[in-house]
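Report on the following structure.
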Amino acid sequence: MRRREFLFASAAVGAGMAGSPQKKEPPLRTGSFEGTICLFSKHLPEMNWHELAQATQRAGFGGVDLTVRPAGHVLPERAREDLPKAVTAIRAAGLTVPMITTELISGSAPAAQGILSTAGELRIPFFKPGYYAYEFVDVRRELKQAGAQLHGLVELARSCGVQCGPQP
């Protein structure tokens, strides 16, 4: 079979399957996205808050997903003092901070209360938690433990007015 014949045959098969009742695709959503497209601040680690805000604005983003974790734009142990300053600098540039990214995996983590209560006070609606490191020794026990830790974290976040958005 020649390349041209292969392409025609492939197109015919594809067109034939398009009307196939085997898999029904969900309808396409009409309208436009109404959320804020954010820049993940992890990608600009060398910039201070003002530089980050200016670069984000120039790049055309509407907001910043701000890192509040070790080596992030806000250090977890300094969240109470520095998160308001960072958010003020970002908002002064006309941007929003709809979410922060953390390494929190438990509500009992030393910095959890400070990070989440400050985020709630600043009306930052969402945060991403960190990743669990499984040992794969007793998977059922580890899964149960991780679930309990996540539950505690979600409850703390709820009491602070912030929603947890775990990563897939």
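The values are calculated or read from the model by the stated rules, or taken from the named source; none is laboratory data. Note that the coordinates shown come from a computational prediction; the quantities given were computed from them, not determined experimentally. Methodologically, a virtual Cβ is constructed for each residue, glycine included, from the backbone with ideal geometry; neighbour enumeration extends over all protein chains shown. Only protein heavy atoms, including side chains, enter the accessible area calculation; ligands, DNA and RNA are left aside. Shrake-Rupley method; radii C 1.70, N 1.55, O 1.52, S 1.80 Å.
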**Request:** Give the residues of the range 106-129 that are surrounded by 16 or more Cβ atoms within 10 Å (Cβ to Cβ) and either touching a Lys or Arg at 6+ places or on another chain (Cβ under 7 Å) or of a type in the set (D, E) (or both), sorted by residue number.
**Result:** G114, T118
**Request:** Select from the range 77-103 the residues that are open to solvent by 10 Å² or more (accessible area, probe 1.4 Å), within 20 Å of G152 (Cα to Cα) and out of contact with any Lys or Arg (no Cβ under 6 Å at 6 or more places or on another chain) and list them in ascending order.
**Result:** E77, M99
**Complete:** Over the range 39-74, the set of residues touching a strand residue (DSSP E or B) at 6+ places or on another chain (Cβ under 8 Å), hydrophobic (A, V, I, L, M, F, W, C) and not in a helix (DSSP H, G or I) is L39, F40, A59, F61, V64, L66, V68, V74
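One line per residue, one yes/no per condition, for (1) of a type in the set (G, A, S); (2) closer than 22 Å to L116 by Cα:
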residue: S41; (1), (2): yes, yes
residue: A59; (1), (2): yes, no
residue: G72; (1), (2): yes, yes
residue: R78; (1), (2): no, yes
**Qualifying residue in the range 51-68 (condition: open to solvent by 70 Å² or more (accessible area, probe 1.4 Å) and closer than 21 Å to A111 by Cβ)** = no
**Prompt:** Tell me, which residue of the range 71-126 that is among the β-branched types (V, I, T) and in contact (Cβ under 8 Å) with a residue 60 or more places away in the chain is farthest from L150 (Cα to Cα)?
**Reply:** T96
**Request:** Within the range 135-146, work out how many residues are farther than 16 Å from S108 by Cα and surrounded by 15 or more Cβ atoms within 10 Å (Cβ to Cβ).
**Result:** 1
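Counting only residues that are open to solvent by less than 40 Å² (accessible area, probe 1.4 Å) and at pLDDT 95 or above, which one in the range 148-168 is nearest to the chain's Cα centre (by Cα)?
Within the range 148-168, the subset open to solvent by less than 40 Å² (accessible area, probe 1.4 Å) is 152-153, 156-157, 160, 162, 164-165.
Remaining after also requiring at pLDDT 95 or above: 152-153, 156-157, 160, 162, 164.
On the way: G152: 19, L153: 16, L156: 18, A157: 15, C160: 18, V162: 13, C164: 9 Å.
Across the range 148-168, the extreme among qualifying residues is C164.
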**Odd one out for Y132 among (1) modelled with pLDDT under 95; (2) hydroxyl-bearing (S, T, Y); (3) more than 16 Å from F40 (Cβ to Cβ); (4) open to solvent by 90 Å² or more (accessible area, probe 1.4 Å)** = (4)
